Amino acid sequence: MKGYRQETFGRDGLALAGWVAEGPGRPAVFQHGLCGDAAQPAEVFPPDAGFRHHVLDCRGHGSSDACDAAAFSLAAFADDLAAWIDAAGLCACPVGGISMGAALALRLAVLRPDLVSALILARPAWATDAAPANMAPNAEAGRMIAAGRGAEDFAQGPTGRRLAAGAPDNLASIAGFFDRAPRDVTAALLTRISADGPGVTAAQLRALRLPTLVLATPDDEVHPIAHAEALAGMIPGARLILLPPKARDRAAYAAAFRAALADFLRELA
């Protein structure tokens, strides 16, 4: 990945890919979403906010090895992330992520507060509950991939038509999952992680005391604004910022994302 160096991290017999941005700055960990990779958060991480981006490809994602499908879970991904942060000596630092990455950061903030100095929750797909209704489209796509069906079948079904009308960026992302290899790993990730949860409670979130930024966008069924509002309401002092819809203007979305994240990080410096 341009502008980053890759470092292999071994855990549970797996080779996991860690990525570190070139250049100076204090460390900040900012993670990718489900079936994404390090390039996703790299697109929106500001290079001029005084922090150096670190990101780990979760097992089964990007350049990291996959494990047995039964071991795919948010808890396992978060444990890998915590072990990597520990091994790299990054703690305590700002930790966050997009979608699934936000869930991992939230879990670490509650269970490993020694690692997390600030929290960034971008387009969260979970609040506290497991198997939220907004993850149903991903789970449906996973089942279709496992059955050997294609993106056209999903797009022509009721879920695909609903997303086309109200959340076209979600539809585009899900359609891309059908071309993701290996297909069995993709199917397992989509079905198992969609049924999972961050394993935290509202009471635990209300007890957090750290700077927190929450980012959300409209026209996004998989990452509903209601989740962002709920998290911002539970975490004391959390700041909620609404970004332009990604589906309408990706460049404007990315620019607003970088600006909001840069402002937050500069306040921490």
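For T191, are the conditions met, namely being in contact with a Pro (Cβ under 7 Å, 6 or more places away or on another chain) and either in contact (Cβ under 8 Å) with a residue 60 or more places away in the chain or not in a loop (DSSP other than H, G, I, E, B) (or both)? Reasoning before the result, please.
Details: in contact with a Pro (Cβ under 7 Å, 6 or more places away or on another chain): no; either in contact (Cβ under 8 Å) with a residue 60 or more places away in the chain or not in a loop (DSSP other than H, G, I, E, B) (or both): yes.
Answer is no for this residue.
The conditions are (1) small (G, A, S); (2) farther than 18 Å from G96 by Cα; (3) loosely packed, with under 15 Cβ neighbours inside 10 Å, and A175 fails exactly one of them. Which is it?
Failed condition: (3).
Residue under question is P182, and the condition is that it be at negative phi, at pLDDT 95 or above and surrounded by fewer than 16 Cβ atoms within 10 Å (Cβ to Cβ); does it hold? Break it down stepwise before answering.
Details: at negative phi: yes; at pLDDT 95 or above: yes; surrounded by fewer than 16 Cβ atoms within 10 Å (Cβ to Cβ): yes.
Yes, satisfied.
Going through region 151-170 one residue at a time, which ones are surrounded by fewer than 20 Cβ atoms within 10 Å (Cβ to Cβ) and touching a His at 6+ places or on another chain (Cβ under 9 Å)?
none
Cβ-Cβ under 6 Å, sequence separation 6+ or interchain: first residue in region 134-150 and closer than 15 Å to A188 by Cβ, partner in a helix (DSSP H, G or I) and of a type in the set (S, T, Y). Which pairs?
Partner pairs satisfying both residue conditions: M135/S194; N138/S194; A139/T191; A139/S194; E140/T159; G142/T191; I145/T186.
Restrict the check to region 141-160 and report whether at least one residue is under 18 Å from T217 (Cβ atoms) and touching a Ser or Thr at 6+ places or on another chain (Cβ under 9 Å).
Restricting attention to region 141-160, the residues satisfying the condition of being under 18 Å from T217 (Cβ atoms) are none.
Taking every residue of region 141-160 in turn, none turns out to be under 18 Å from T217 (Cβ atoms) and touching a Ser or Thr at 6+ places or on another chain (Cβ under 9 Å).
So which residues in region 108-138 are of a type in the set (K, R) and surrounded by fewer than 24 Cβ atoms within 10 Å (Cβ to Cβ), if there are any at all?
R112
Taking the criterion of being free of Cβ contacts under 8 Å to residues at least 12 places away in the same chain and either more than 30 Å from F264 (Cα to Cα) or not in a helix (DSSP H, G or I) (or both), would at least one residue in region 209-216 satisfy it? Please lay out each step first, then the result.
The first filter runs over region 209-216 and keeps only residues free of Cβ contacts under 8 Å to residues at least 12 places away in the same chain, leaving none.
The answer is no, given that none of the residues of region 209-216 is free of Cβ contacts under 8 Å to residues at least 12 places away in the same chain and either more than 30 Å from F264 (Cα to Cα) or not in a helix (DSSP H, G or I) (or both).
Within region 88-100, is there a residue that is free of Cβ contacts under 8 Å to residues at least 40 places away in the same chain, at positive phi and either surrounded by fewer than 22 Cβ atoms within 10 Å (Cβ to Cβ) or not charged (D, E, K, R) (or both)?
First, the residues of region 88-100 that are free of Cβ contacts under 8 Å to residues at least 40 places away in the same chain: 89, 91-92.
Filter once more, so that each one left must be at positive phi: 89.
Pick out the ones that are also either surrounded by fewer than 22 Cβ atoms within 10 Å (Cβ to Cβ) or not charged (D, E, K, R) (or both) and you get 89.
Yes, there is a match, as at least one residue in region 88-100 is free of Cβ contacts under 8 Å to residues at least 40 places away in the same chain, at positive phi and either surrounded by fewer than 22 Cβ atoms within 10 Å (Cβ to Cβ) or not charged (D, E, K, R) (or both).
(1) at negative phi; (2) surrounded by fewer than 23 Cβ atoms within 10 Å (Cβ to Cβ); (3) at pLDDT 95 or above; (4) not hydrophobic (A, V, I, L, M, F, W, C): which one isn't true of G62, the others all being true?
Of everything listed in (1) at negative phi; (2) surrounded by fewer than 23 Cβ atoms within 10 Å (Cβ to Cβ); (3) at pLDDT 95 or above; (4) not hydrophobic (A, V, I, L, M, F, W, C), G62 misses just condition (1).
Under the condition of being of a type in the set (D, E) and surrounded by fewer than 16 Cβ atoms within 10 Å (Cβ to Cβ), which residue from region 66-87 is modelled with the highest pLDDT?
Filtering region 66-87 for residues of a type in the set (D, E) gives 68, 79-80, 86.
When the remaining residues are screened for being surrounded by fewer than 16 Cβ atoms within 10 Å (Cβ to Cβ), the result is 68, 86.
Numbers: D68: 93, D86: 96.
Step by step, filter region 66-87, then rank; the result is D86.
Sort out which residues of region 233-258 are assigned to a helix (DSSP H, G or I) and loosely packed, with under 15 Cβ neighbours inside 10 Å, and write them in order of number.
From region 233-258, those assigned to a helix (DSSP H, G or I) are 233-234, 250-258; that's our starting set.
The answer is R250, A251, A252, A255.
Return the residues of region 158-171 that are out of contact with any Leu (no Cβ under 8 Å at 6 or more places or on another chain) and in contact (Cβ under 8 Å) with a residue 12 or more places away in the chain; say none if nothing qualifies. First the steps, then the outcome.
From region 158-171, those out of contact with any Leu (no Cβ under 8 Å at 6 or more places or on another chain) are 158-159, 161-162, 165-169; that's our starting set.
If the condition is that a residue be out of contact with any Leu (no Cβ under 8 Å at 6 or more places or on another chain) and in contact (Cβ under 8 Å) with a residue 12 or more places away in the chain, then T159, R162, G166, A167, P168, D169 are the ones that fit.
Can you name the residue in region 8-65 that is in a strand (DSSP E or B) and of a type in the set (V, I, T) and is also farthest from G101 (Cα to Cα) among such residues? Don't jump to the end; show me each part of the working.
So in region 8-65, the residues in a strand (DSSP E or B) come out as 8-11, 14-21, 26-31, 51-56.
From what is left, the residues that are of a type in the set (V, I, T) are 8, 20, 29, 55.
Details: T8: 19, V20: 16, V29: 10, V55: 10 Å.
Restricting to residues being in a strand (DSSP E or B) and of a type in the set (V, I, T), the top hit is T8.
The values are calculated or read from the model by the stated rules, or taken from the named source; none is laboratory data. All values reported here derive from a predicted model rather than from experimental measurement. Note: ideal-geometry Cβ built from the backbone for every residue, glycine included; neighbour counts use all protein chains shown.
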